Amino acid sequence: MRLCVLLPGLCLLLLLSLAGCKPAAAPATAGTAPAAAPATAHAVPTVFQDQTLGLSVAAVPGMTLRRDFDRNYLDTDGWKAFAPADSHGRPLAALVLDGSNDVTAAELRIARSDDSRDVAQCLDPPAEVVGEPDQVQIGGVSFVHFRAADAAMSHYVQVDGYRSVRNGRCAAIDLMVSGTRPEVYDPPRRAPFDAADAARRLQKALAALHWN
């Protein structure tokens with residue numbers, strides 16, 4: 001204090017110097033840095049929803065959504081595969097494999113019936129069934145699964161059918177490959193895709209169905 005009385009200017013400089021001193025920042029410790037925000041995955045867009053069934057369908061590359069089963073190259077426009085004439089249901093959506101035509105066509109069809117008789121008979125396989133039906137899961141929902149086929153002249157249709165009662169309605173999903181044998185044309189025509197490969201792609205497309 002006596003020094004400050006004698007040399008006030010020197011004390012002022014000393015105090016200012018001490019006030020400007022700050023402790024050095026502690027070095028960063030490994031593992032303490034904030035984690036980088038995870039990259040956001042691109043969500044697959046939903047192309048169809050049915051609130052009654054609690055169903056949503058995501059887009060599938062190489063397939064186009066249609067809201068009906070009316071194709072000028074198919075004679076299978078019933079609400080479900082091999083539907084009896086007296087049943088009452090309605091098409092909801094179809095994922096049609098790109099390139100489908102009158103030679104070979106493939107699509108995943110989704111339909112629904114609110115009719116009490118259709119609901120009661122929903123899990124019954126059609127007369128055209130091949131082999132024994134079994135039970136499978138589609139997105140965590142149980143379905144009766146069957147295979148069925150029909151052929152007339154040079155035309156054919158092959159179906160993997162799935163049936164379930166959801167919220168008091170009959171839900172029908174059909175993986176359908178159909179067409180005409182290319183060799184019957186003159187000159188022979190080329191199929192847009194292999195029928196067996198198309199059936200495999202339809203099976204994979206079932207992963208696009210989600211239930212709530």
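Read-outs: derived from the displayed coordinates by stated rules, not from any lab. Quick caveat, the model's predicted, so the values are computed rather than measured. As a convention, Cβ positions derive from the backbone with ideal geometry for all residues, glycine included, and neighbour counts pool all protein chains shown.
Calculate, in nm to one decimal, what residue 155 and residue 98 gain on full extension: separation in residues at 0.36 nm each, minus their alpha carbon distance. Before the final figure, lay out each step's value.
Values: separation 57, 0.36 × 57 = 20.52 nm, distance 2.02 nm.
Computed gain between residue 155 and residue 98 is 18.5 nm.
What is the sum of charges, Lys and Arg at +1 and Asp and Glu at -1, for the other residues whose Cβ falls under 10 Å from the Cβ of residue 174? Working shown, then result.
Values: positive: 80, 109, 163; negative: 107, 160.
In short, +1.
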Just want the answer: with Cβ charges of +1 for Lys and Arg and -1 for Asp and Glu, which residue in 100, 133, 119 is farthest toward the dipole's positive end in the stretch 79-148? 119
If r is the Cβ-Cβ distance from residue 211 to residue 65 and R0 is 22 Å, what FRET efficiency results, to the nearest 0.05? 0.75
